[in-house]
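*Asks:* Okay, here's the structure, questions in a sec.
The values are calculated or read from the model by the stated rules, or taken from the named source; none is laboratory data. This is a predicted model, so every value here is computed, not measured. With ideal geometry, Cβ positions are generated from the backbone for all residues, glycine too; neighbour counts draw on all protein chains shown.
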Amino acid sequence: MSLDRLTELIAAGSPSAPDADEHANGIRDAIKGIFGQRYRADTRYSDRVVYMPGRDAVSFAGLLHEDSPTSGVYGGASLIWFPVEPADDQPATSLLTFVCGTRGLAPDEHILGRAGHARHLQALKRYLSITSGTYVWVKQDPTDLGQPIPRIVRDRFPRYSSVFSRYGNFIYAAAEVPTDLDAARHMVSAFLDFYAWEREWRPLKSASQQVEELKAQLRAHLFPRIDIDQLYALLRQRRFLILQGPPGTGKTRLALEVLSTFFDDKGMAVQFHPAISYENFVSGISPDISKGQLSFDIKHGWLVEAAERAQGNDYLLLIDEINRADLGRVLGEAIYLFEAADISQGKSRTISLPNTRDGTGKAFSLPDTLYVVGTMNSADRSIALLDLAVRRRFAFVDVWPDLDVIRKQGLPLATDAFSRLLDIFAQFASDEALVLIPGHALFIAQSEQELRNRLRFEVMPLLREYLTEGRLGSCETELRAYLDWLEGQLMHAHLAE
């Protein structure tokens, strides 16, 4: 197959002088063969093959925009590899890259400037790291042609210093091709299929399953993930965590799972809202009519109660919707106690509670057996951001939508509907709008009928509310088309019953 042959030639690195022309012709033949074996033969593309043997020469080859000139400078997005010769004990290989041509972004501004291009590159990086242990560097903003390759990346790829000197500002993703041919094919096919997806090349039926699987993997790795064991390890280290993310991503469920799995349900769950005060959370005066007349008593809040219950055993205080209250006011002077390092070293800080039954003040500190997990809906703009004094005392864990959860339930409409919605937000949403993406929990159901009800009465109204409020910016056109598609799917399912 041409893909196998192309992989072999890329992994072979820079040929010796007598073999340069033969190697270049082999590259051209392999590229040409891809169109007809992996992608449609009538696909429009342009290639560039420039092999110049010599240690200091910068040879390269790859795929460019279809209207690129046959020689000289070009613009737009390109898939380029830079071969190197063997050096010392290192074999010949190539640096596989995505490059913006030195002429500039045109004619691919719509690709390079789209938020989804950079986000999916990050997903490609995570995917290759997990599946093959490959290091991939990705520039945060592919359109920033003034940013050179960072020193830490140049140090990681010292064999390509001449490449970075000449094209460093224009390279926006890079990975060294493994010498193992199976691993090399995995990388080359991933880079190629990603480039083809952005170019909207149509794969042949024989390759469509592989191409669709890569798209699914990119969706699945679009956001960083943390499993429950990693979360618990972080909790043991930092003591005070906040799980933050869009609505419906399972933040509360994950916190309750930690409580059940690692604390044997030894803990308490409370929920914050705007009326929660210092008296509720720490300590305060509370009315008491149990004796037939109104009197006032000192009542300990949830934090003090949790600290008392934590004596002698690990105990978890779960605070749902932690940012719906003014956390600075709710904590008061108790914020002084939230120093994980001091607690771990047996140097817990102490404060004097102002409200005690004897009026003398009560010394209070957090035991080393108490842990706190809060959840925070990052899409709720009706609440204020946490102040820096509070923020530095907690570790923050992002909890994003998880496509795998939906795929495993085996409802094709759920997978299709969520994948399409994920693509829209990932491709077109600004960073501010990305946190509005509905989570996977809204697409989970026990039956097709339950799923259709959730889509009709939960997902669609939520998206329409976003549109009414004007919160989605560049997503709006795509999202309206998605709602039309989803409505059609639900109507078709109803008529088929």
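This table checks each residue for (1) modelled with pLDDT under 95; (2) at positive phi; (3) buried (at least 20 other Cβ atoms within 10 Å of the Cβ); (4) not in a strand (DSSP E or B).
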site	(1), (2), (3), (4)
Ala184	no, no, yes, yes
Val188	no, no, yes, yes
Leu192	no, no, yes, yes
Tyr195	no, no, no, yes
Arg225	yes, no, no, yes
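*Asks:* For region 157-180, enumerate the residues that are in a loop (DSSP other than H, G, I, E, B), closer than 14 Å to Trp137 by Cβ and without any contact (Cβ under 8 Å) to a residue 24 or more places away in the chain.
*Replies:* Within region 157-180, just Gly168 meets the criteria.
*Asks:* Within region 239-290, work out how many residues are modelled with pLDDT under 90, under 24 Å from Ala310 (Cα atoms) and in a strand (DSSP E or B).
*Replies:* Residues that pass the stated criteria total 4.
Conditions tested, residue by residue: (1) closer than 26 Å to Met376 by Cα; (2) in contact with a His (Cβ under 9 Å, 6 or more places away or on another chain); (3) modelled with pLDDT under 90.
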| residue | (1), (2), (3) |
| --- | --- |
| Leu413 | no, no, no |
| Phe418 | yes, yes, no |
| Glu432 | yes, no, yes |
| Glu465 | yes, no, no |
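*Asks:* In the set Ala106, Ala115, which member is under 30 Å from Ser430 (Cβ atoms), without any contact (Cβ under 8 Å) to a residue 40 or more places away in the chain and surrounded by fewer than 22 Cβ atoms within 10 Å (Cβ to Cβ)? If you could, list the steps in order and put the result at the bottom.
*Replies:* Working: Ala115 fails: without any contact (Cβ under 8 Å) to a residue 40 or more places away in the chain.
Exactly one of Ala106, Ala115 is under 30 Å from Ser430 (Cβ atoms), without any contact (Cβ under 8 Å) to a residue 40 or more places away in the chain and surrounded by fewer than 22 Cβ atoms within 10 Å (Cβ to Cβ), namely Ala106.
*Asks:* Could you grab me the full set of residues in region 118-142 that are touching a strand residue (DSSP E or B) at 6+ places or on another chain (Cβ under 9 Å) and crowded, with 17+ Cβ neighbours inside 10 Å?
*Replies:* Ala118, Leu121, Gln122, Leu124, Lys125, Leu128, Thr134, Val136, Trp137, Val138, Lys139, Pro142
*Asks:* I'd like the full set of residues that are within 15 Å of Arg239 (Cα to Cα), among the aliphatic types (A, V, I, L, M) and either touching a His at 6+ places or on another chain (Cβ under 7 Å) or outside any helix (DSSP H, G or I) (or both), limited to region 308-352.
*Replies:* If we filter region 308-352 for residues that are within 15 Å of Arg239 (Cα to Cα), which is where we start, we get 310, 313-319, 335-349.
Then keep just the ones that are among the aliphatic types (A, V, I, L, M); that gives 310, 316-319, 335, 337, 340-341, 343.
Within region 308-352, Ala310, Leu316, Leu317, Leu318, Ile319 qualify.
*Asks:* Taking the residues in region 440-481 that are among the β-branched types (Val, Ile, Thr) and surrounded by 14 or more Cβ atoms within 10 Å (Cβ to Cβ) as candidates, determine which candidate is farthest from Phe428 (Cα to Cα).
*Replies:* This residue is Ile444.
*Asks:* Quick check, is Gln271 touching an Asp or Glu at 6+ places or on another chain (Cβ under 6 Å) and surrounded by fewer than 18 Cβ atoms within 10 Å (Cβ to Cβ)?
*Replies:* Yes; evaluated as a whole, the condition is true for this residue.
*Asks:* Kindly indicate which of Arg48, Arg44 is free of Cβ contacts under 8 Å to residues at least 40 places away in the same chain and either crowded, with 22+ Cβ neighbours inside 10 Å or not in a strand (DSSP E or B) (or both).
*Replies:* On the way: Arg48 fails: either crowded, with 22+ Cβ neighbours inside 10 Å or not in a strand (DSSP E or B) (or both).
Every option except Arg44 fails the conditions.
*Asks:* Given the structure, is Asp484 exposed (fewer than 14 other Cβ atoms within 10 Å of the Cβ) and within 21 Å of the chain's Cα centre (by Cα)?
*Replies:* Numbers: exposed (fewer than 14 other Cβ atoms within 10 Å of the Cβ): yes; within 21 Å of the chain's Cα centre (by Cα): no.
When the stated conditions are applied, Asp484 does not pass them.
*Asks:* Before we move on, is Tyr195 farther than 30 Å from Leu317 by Cβ and of a type outside the set (A, V, I, L, M)?
*Replies:* yes
*Asks:* Please verify whether Pro461 is over 21 Å from Ile111 (Cβ atoms) and over 21 Å from the mean Cα position of the chain (by Cα), treating the condition exactly as stated.
*Replies:* So Pro461 passes the test.
*Asks:* Could you tell me whether region 63-85 includes any residue that is more than 35 Å from the chain's Cα centre (by Cα), at pLDDT below 95 and assigned to a strand (DSSP E or B)?
*Replies:* No, region 63-85 has no match at all.
*Asks:* Let me ask something additional. Report yes if some residue within region 318-328 is surrounded by fewer than 16 Cβ atoms within 10 Å (Cβ to Cβ), closer than 18 Å to Gly374 by Cβ, of a type in the set (Gly, Ala, Ser) and modelled with pLDDT under 90; otherwise report no.
*Replies:* Yes, the conditions are met somewhere in region 318-328.
*Asks:* Let me ask something additional. I need every pair where a residue in region 214-229 that is of a type in the set (Gly, Ala, Ser) has its Cβ under 7 Å from the Cβ of a residue that is assigned to a helix (DSSP H, G or I), sequence separation at least 6 or different chains.
*Replies:* Ala220/Leu403; Ala220/Asp404
*Asks:* Any idea which residue in region 203-223 is farthest from the chain's Cα centre (by Cα), counting only those that are outside any loop (DSSP other than H, G, I, E, B) and aliphatic (A, V, I, L, M)?
*Replies:* Per the criteria, the residue is Ala207.
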